[in-house]
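Asks: What follows is a single structure, and I will ask about it in a moment.
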Amino acid sequence: MRLFVSVDLPDELAEPVADLQAEFADAGGLNFTDPEQAHLTLKFLGDVDESRLSDIEDELEAAVEDAGVDPFEARFGGLGVFPSLEYISVVWFGTETGGEELTRLHEAIEERTTAMGFDPEEHDFTPHVTLARMEHAGGKDLVQELVQERDPTIGEMRVDEVRLTESTLTSDGPVYSTVESFPLE
């Protein structure tokens, strides 16, 4: 099973995500994510043996409790890239509000999952939703221009749960399904 922990954006934000992606349509080299599957990854676990699922679920439930985060409002917007404007591999939008709570959730999940033997994150956590991956630099100039000049707001949502999600890779791209949900209390 290929697993990650996420906060999934609601269906009503799929259209604003698609509208923002459309602004990048003329930028060659971008492979866009499915706006219907937009999510903010808190922790990528990778390929996991199904026999570990119960333990992972127990640790994620405890991590959400450890974080002490009540349901909250998050507003998404702004643009950014990883790792840098000179070498772009990912184009994303971030959070305008709710970033502190998302970071606390990430840190608690990171602590519990690394104790289980999962690899620690190599970079500081930046709450973000991936818009596209850059396969080649054909549209780099346009991406740089849009990221530096645009400051879009995508929308708001109430974050009241964290999900353990399975990613199944297909020829049409990844398909995500929720394995378990962990409510914030």
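Asks: Two decimals is fine: what is log10 I(q)/I(0) at q = 0.14 Å⁻¹ for the range 2-183, from a Debye sum with one equal scatterer on every Cα and no solvent?
Replies: -0.78
Asks: Please list 3J(HN,Hα) in residue order for the range 6-12, calculated via the Karplus relation 6.51 cos²θ - 1.76 cosθ + 1.60 where θ = phi - 60°; whole Hz, with x for glycine and proline.
Replies: Karplus-based 3J(HN,Hα) across the range 6-12 equals 9, 10, 8, 6, x, 3, 5 Hz.
Asks: Which helices, counted as full DSSP H runs in the chain, have an axial Cα extent of no less than 20 Å and a Kyte-Doolittle average of -0.5 or above?
Replies: Within the chain the helices that satisfy the rule are 53-67.
Asks: Tell me what the chain gives for mean residue ellipticity at 222 nm when only DSSP H runs of n ≥ 4 count, each as -39,500 (n - 2.57), the sum divided by the residue total, rounded to 500 deg cm²/dmol.
Replies: Mean residue ellipticity, 222 nm, calculated: -8500 deg cm²/dmol.
Asks: Something else about it: Separation of the range 11-79 and the range 159-185 by C-alpha centroid, Å?
Replies: 8 Å
Asks: If amide hydrogens are placed 1.01 Å from N in the peptide plane, which non-local residues have theirs closer than 5 Å to the one on Val90?
Replies: Under 5 Å from the amide H of Val90: Phe82, Met134.
Asks: Follow-up. Sorting check: for 165-174, 39-48, 104-113, which peptide has the highest mean count of neighbouring beta carbons within 10 Å, and how do the rest follow?
Replies: Ranking, from highest mean packing down: 104-113, 39-48, 165-174.
Asks: Also, quick follow-up: Under 8 Å for C-alpha pairs, at least 6 residues apart: give me the relative contact order for the range 1-144, rounded to a whole percent.
Replies: 34 percent
Asks: Now, a different point. Net charge near Ala22: determine it from the other residues with C-beta under 13 Å of the C-beta of Ala22, scoring Lys and Arg +1 and Asp and Glu -1.
Replies: Spelling it out: positives minus negatives among the neighbours equals -3.
Asks: With N set to the number of residues, divide the alpha-carbon radius of gyration of the range 10-91 by 2.2 N^0.38 Å and report two decimals.
Replies: Normalised Cα radius of gyration, the range 10-91: 1.44.
Asks: Same structure, new question: For the range 2-183, what is the charge dipole size about the Cα centre, in debye to the nearest 20, if Lys and Arg each add +1 at the Cβ and Asp and Glu each add -1 at the Cβ?
Replies: Charge dipole of the range 2-183: 460 debye, to the nearest 20.
Asks: Here's something else I'd like to know. Who wins for biggest fluctuation among Met157, Met116, Met134 in a Gaussian network model of the chain, springs between alpha carbons below 10 Å?
Replies: It is Met116.
Where a number appears in this text, it was derived from the coordinates with a stated rule and is not lab data. Note that the structure is predicted; figures quoted are calculated from it, not measured. Every residue, glycine as well, gets a Cβ built from its backbone with ideal geometry; the counts of neighbours run over all protein chains shown.
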